[in-house]
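The values are calculated or read from the model by the stated rules, or taken from the named source; none is laboratory data. Note that the structure is a prediction, hence the values are computed from the model and not measured. Counting neighbours? That spans all protein chains shown, and the Cβs are built from the backbone with ideal geometry, glycine included.
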Amino acid sequence: MSLFDHTIKELEEKLHNKEITVQDLVDTSYNRIKEVDDKVHAFLTLDEENAKAKAKELDNTKDQSQRLFGIPGGIKDNLVTKGIRTTCASQFLDNFDDPLYNATVVDKLNNEKAVTIGKLNMDEFAMGSSNENSSYTPTRNPWNTDHVPGGSSGGSAAAVAAGEILFALGSDTGGSIRQPAAFCGVVGLKPTYGLVSRFGLVAFASSLDQVGPITRNVEDNARVLEVIAGHDEMDSTSANIEIPSYTENLTKDVKGLKIAVPKEYLAEGVAPEVKESVLEALKVYESLGATWEEVSLPHSKYAVATYYLLSSSEASANLARFDGVRYGVRTENADNMIDMFKHSRSEGFGEEVKRRIMLGTFALSSGYYDAYYKKAQKVRTLIKNDFDKIFEDYDVVIGPTTPTPAFKVGENTDDPLTMYANDILTIPVNLAGVPGISLPCGFSENGLPIGLQIIGKYFDESTVYRVAHAYEQATDHHTKRPQLGGAN
Amino acid sequence: MAEITKDQVKHVAHLARLAVTEEDVEKLTDDLSAIIGYAEQLNELDTENVEPTTHVLDLKNVMRKDEPKKWITQEEALKNAPDKEAGHFRVPSILE
């Protein structure tokens, strides 16, 4: 058994009782990375020297009351970290060794004395659902390394699943936290849009991006969210609301809870074994005193098209900043400035990133704006209205996180549209802006995890966590560990 | 439905400041046609009286006080630059 099979709360107690030290925790992390990361490839950059020095310092500190004191975590590589290389898994930022400041969420982790172990692999600029778009070695699924870990926060989910760290931060624009969490059998939450600061998150699609935690259990997830949530004047879209104690509300029961199950989420295209696991989970909720009914989210079938128009449009604007002037890798093949921009970008960006910049530039270009971009914004309203209507009568929406368990490496890379269809159950949540969590609810016949998605009302993460926790306590899926070799 | 031509792809690539080879243009024409073709399904929906959503939270004109603050030094601003000279970012000539 690894120290990382304990909850953060249990480790806090062990630290308090001097059964273990922060150095033990940090050593556990790096030892495990040395043991398995040449198979998993979850990390792009390690900060070992600093982390070990910090662990020593923390062990000699009197005040150990901070909420993540000594807990080893990892940061997705699209969150800037002062003095630690930040690449977004792109060759364009291969030399970005020394960012000038920390993302607000990174500062918040530091204030609560978490220890940053390193930076986590991802699809380049968070564009992808499999990690195969990482311009470095793509991450593999710890449950079966022939399979993808999901994406774009694939490194974050895989590192937590493989027991390399206790928690990770990811980002979710169309499912990039929940989908890899489902594929890797861990817990991942996309908060309500605006709950967590985006300052220092390298922007992909600003109206959709949210930072959130990935952990091995619901309680740890709630604890990390408590730390990173909250208003930030550096992010003008950050909501100025009171942050409740998610961990305190966790253990209340779900008697009388009203669950909505969209028929579109169990329709054709969802693998039978996924559907079965979700129906089993609903039985668990029934046994806990909740009720569920089938409902409809009639516009969800338009979500993928809406999402790709909007997110690519926003991305084409956001990625204009990568011009080879202030940071990043500049081409050596240009004599004038315009060519320098063009060649730096074409050499630095991977295929999927270029495809999306092209799609977005097209959708925003003169003569097409109304037909594509504005049309998609209007359909977004319809998708949001679907959720608003359901939440008048129900407390949460439940369905699968993904239509299938993790697919094989290389299986979906030929056709972008097949790859995009993977996100059909997660994208509507981003378009509406509501919170959603994925947690393990079973395994496929060939031993790959299946994720249950719980979607809540705006800023009602408390209910989402409580509902997730009730299920987790009634089942044992979250205690299963991938067999990567060695003690886990 | 909008048919996407190779010339359009070249024009969009220029707008996006991307250098593309003939081979890239070919592939991108196919890819964009397929994705835009897929997106045409949105036209099944009547959205004439629907307001567009830009942001899901109803936030308007969020401002903070415009006060000077210590941020980064000139030296720090330049430290990740691929090329610099005399306290400036250096770029290739703009005029031919």
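Would you be able to say whether some residue in region A:386-407 is within 11 Å of another protein chain (Cβ to nearest Cβ), within 18 Å of residue A:306 (Cβ to Cβ) and at pLDDT 95 or above? Yes: one or more hits. Taking residues in region A:279-290 that are more than 13 Å from residue A:398 (Cα to Cα), and partners anywhere that are modelled with pLDDT of 95 or more and in a helix (DSSP H, G or I), the pairs with Cβ atoms closer than 7 Å and at least 6 places apart or on different chains are A:288/A:470; A:288/A:474. Hey, can you tell me all the residues within region A:289-330 that are of a type in the set (A, V, I, L, M) and in contact with a strand residue (DSSP E or B) (Cβ under 9 Å, 6 or more places away or on another chain)? Scanning region A:289-330 gives A:290, A:295, A:297, A:325.
Condition test on residue A:389, is it in a loop (DSSP other than H, G, I, E, B) and within 30 Å of residue B:59 (Cα to Cα)? For residue A:389, the condition - in a loop (DSSP other than H, G, I, E, B) and within 30 Å of residue B:59 (Cα to Cα) - is not met.
Which fully enclosed helices (runs of 4 or more DSSP H) of region A:267-356 have 1 or more residues being away from every other protein chain (no Cβ under 14 Å)? Explain how you work it out, then say what you get.
Working: elements: A:272-287, A:303-318, A:337-348.
Per the criteria, A:272-287.
Test residue A:232 against the criterion of being in contact (Cβ under 8 Å) with a residue 12 or more places away in the chain and more than 22 Å from residue A:72 (Cβ to Cβ), and give yes or no. Here the answer is yes, as residue A:232 does meet what is asked. Filtering region A:281-331 down to residues that are hydroxyl-bearing (Ser, Thr, Tyr) and over 30 Å from residue A:419 (Cα atoms), which residue is surrounded by the most Cβ atoms within 10 Å (Cβ to Cβ)? Per the criteria, the residue is A:327. Tell me yes or no: at least one residue of region A:32-47 is under 23 Å from residue A:247 (Cα atoms) and not β-branched (Val, Ile, Thr). Within region A:32-47 (the criterion being under 23 Å from residue A:247 (Cα atoms) and not β-branched (Val, Ile, Thr)), the answer is no, since none of the residues qualifies.
Counting only residues that are surrounded by 18 or more Cβ atoms within 10 Å (Cβ to Cβ) and modelled with pLDDT under 95, region A:332-344 holds 1 of them.
crowded, with 16+ Cβ neighbours inside 10 Å and touching a residue at least 12 places away in the same chain (Cβ under 8 Å): is that true of residue A:413 in this structure? Spell out the reasoning first.
Working: crowded, with 16+ Cβ neighbours inside 10 Å: yes; touching a residue at least 12 places away in the same chain (Cβ under 8 Å): yes.
Judged against the criteria, residue A:413 is a match.
Region A:99-208 holds helices (runs of 4 or more DSSP H) entirely within its bounds, and those carrying 2 or more residues that are among the small types (Gly, Ala, Ser), under 15 Å from the mean Cα position of the chain (by Cα) and within 21 Å of residue A:34 (Cα to Cα) map to A:154-161.
Does region A:239-251 include one or more residues that are of a type outside the set (A, V, I, L, M, F, W, C) and within 14 Å of another protein chain (Cβ to nearest Cβ)? First the steps, then the outcome.
Filtering region A:239-251 for residues of a type outside the set (A, V, I, L, M, F, W, C) gives A:240, A:242, A:244-249, A:251.
Imposing the further condition that a residue be within 14 Å of another protein chain (Cβ to nearest Cβ) reduces the set to A:240.
Yes.
The residue that is nearest to residue A:135 (Cα to Cα), among those in region A:26-42 that are surrounded by fewer than 23 Cβ atoms within 10 Å (Cβ to Cβ) and touching a Leu at 6+ places or on another chain (Cβ under 7 Å), is A:39. Just one of (1) more than 11 Å from every other protein chain (Cβ to nearest Cβ); (2) modelled with pLDDT of 95 or more; (3) over 30 Å from residue A:471 (Cβ atoms) fails for residue A:410. It is (2). For region A:359-374, give me each residue that is without any contact (Cβ under 8 Å) to a residue 12 or more places away in the chain and either more than 9 Å from chain B (Cβ to nearest Cβ) or assigned to a helix (DSSP H, G or I) (or both). Matches in region A:359-374: A:362, A:366, A:367, A:369, A:370, A:371, A:374.
When each of A:167, A:183, A:199 is tested for being within 14 Å of chain B (Cβ to nearest Cβ) and aromatic (Phe, Trp, Tyr), the lone residue that passes is A:199. Quick check on my filter: what residues within region B:41-65 are of a type outside the set (A, V, I, L, M, F, W, C), farther than 19 Å from residue A:207 by Cα and at pLDDT 90 or above? Listed by number, the residues that qualify are B:41, B:43, B:44, B:46, B:47, B:48, B:49. Which pairs do you get when a residue that is under 21 Å from residue A:149 (Cα atoms), found in region A:416-438, comes within reach of a residue that is surrounded by fewer than 24 Cβ atoms within 10 Å (Cβ to Cβ) and of a type in the set (Asp, Glu), reach meaning Cβ atoms under 7 angstrom, with the pair 6+ apart or on two chains? Pairs that qualify, where the first residue is under 21 Å from residue A:149 (Cα atoms) and the partner is surrounded by fewer than 24 Cβ atoms within 10 Å (Cβ to Cβ) and of a type in the set (Asp, Glu), are A:416/B:31.
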